[in-house]
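The values are calculated or read from the model by the stated rules, or taken from the named source; none is laboratory data. Everything numeric in this text was worked out from a predicted model, so none of it was measured. Note that each Cβ is placed from the backbone with ideal geometry, even for glycine, and that neighbours are counted across all protein chains shown. Accessible surface areas use protein heavy atoms only, side chains included; no ligands, DNA or RNA. Shrake-Rupley method; radii C 1.70, N 1.55, O 1.52, S 1.80 Å.
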Amino acid sequence: MHDGGFPGLVPGLCTARLALTEDGRLGVTLDGQVVPARFCVAGSVADAGAEAVVARLEEGPVVLGILRPAREAEVVIDGNRLTLEATREIVLRCGQASLTLSADGSVTVLGTRILSRAGGANRLQGASVHLN
């Protein structure tokens, strides 16, 4: 990590480590002290220790982003929709149940019992539909 600033680029913009404040909330370490911060991005106590891009404003620090290693998958939450994207496969798993979405367009639902319920029409559609 460099000195924490972006000299000559954006005054007041720096990097800082996320840490827990005395009351257990996520904050930032600035000038050797953990201080409360506002967040433009989702952050949780699990992010403590991560490096973040911070704007130092008169009203207090604002976390603009959390620096994370590059990954193949992406999660986007905009308040109205949750989008999970991956290049190869997404698997949701809980115990013996799983839902797998593959890049080739296949969807696999596995479980010891599967219930499909609809208030309106419940349709199965495909080039061919095989039952049992």
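For the chain, which span is the longest to avoid every loop-located (per DSSP) member of GluC sites (Glu not before Pro) having at most 10 other Cβ atoms inside 10 Å?
That gives 73-132 as the longest site-free run.
Got a number for carbon plus sulfur as a percent of the stretch 57-132's accessible area, 1.4 Å probe?
For the stretch 57-132, the apolar C and S fraction of the accessible surface comes to 51 percent.
Using only alpha carbon pairs under 8 Å that are at least six residues apart, calculate the relative contact order of the stretch 64-132 and give it in whole percent.
Worked out over the stretch 64-132, it gives 15 percent.
In Å³ and rounded to a whole number, note down the convex hull volume per residue for the Cα atoms of the stretch 48-106.
155 Å³
Find the percent of Cα-Cα distances in the stretch 78-132 that exceed 16 Å, and round it to a whole number.
When all Cα pairs of the stretch 78-132 are counted, 64 percent exceed 16 Å.
Normalising by the residue count of the chain, find the relative contact order in percent from Cα pairs under 8 Å and 6+ residues apart.
Contact order relative to length: 13 percent.
With a 1.4 Å probe and every protein chain left in place, work out the accessible area per residue of the chain in Å², rounded to a whole number.
Ligands and nucleic acids excluded, the figure is 79 Å² per residue.
With just the Cα atoms of the stretch 24-132, tell me how far they stretch along each of the three principal axes, in Å, largest first.
That works out to 66, 31, 25 Å along the principal axes.
With only alpha-carbon atoms in the gyration tensor, what are the semi-axes of the equivalent ellipsoid for the stretch 20-72, in Å, largest first?
18, 13, 10
I want to make sure I understand the PRE zone here: with the label point 7 angstrom from the Cα of residue 107 toward its beta carbon, which residues in the stretch 40-83 have backbone N atoms less than 20 Å away?
74-76, 81-83
Taking H placed 1.01 Å from N in the peptide plane, check which residues at least 5 places from residue 37 or on another chain put their amide H under 5 Å from its amide H.
Here 28 satisfy the definition.
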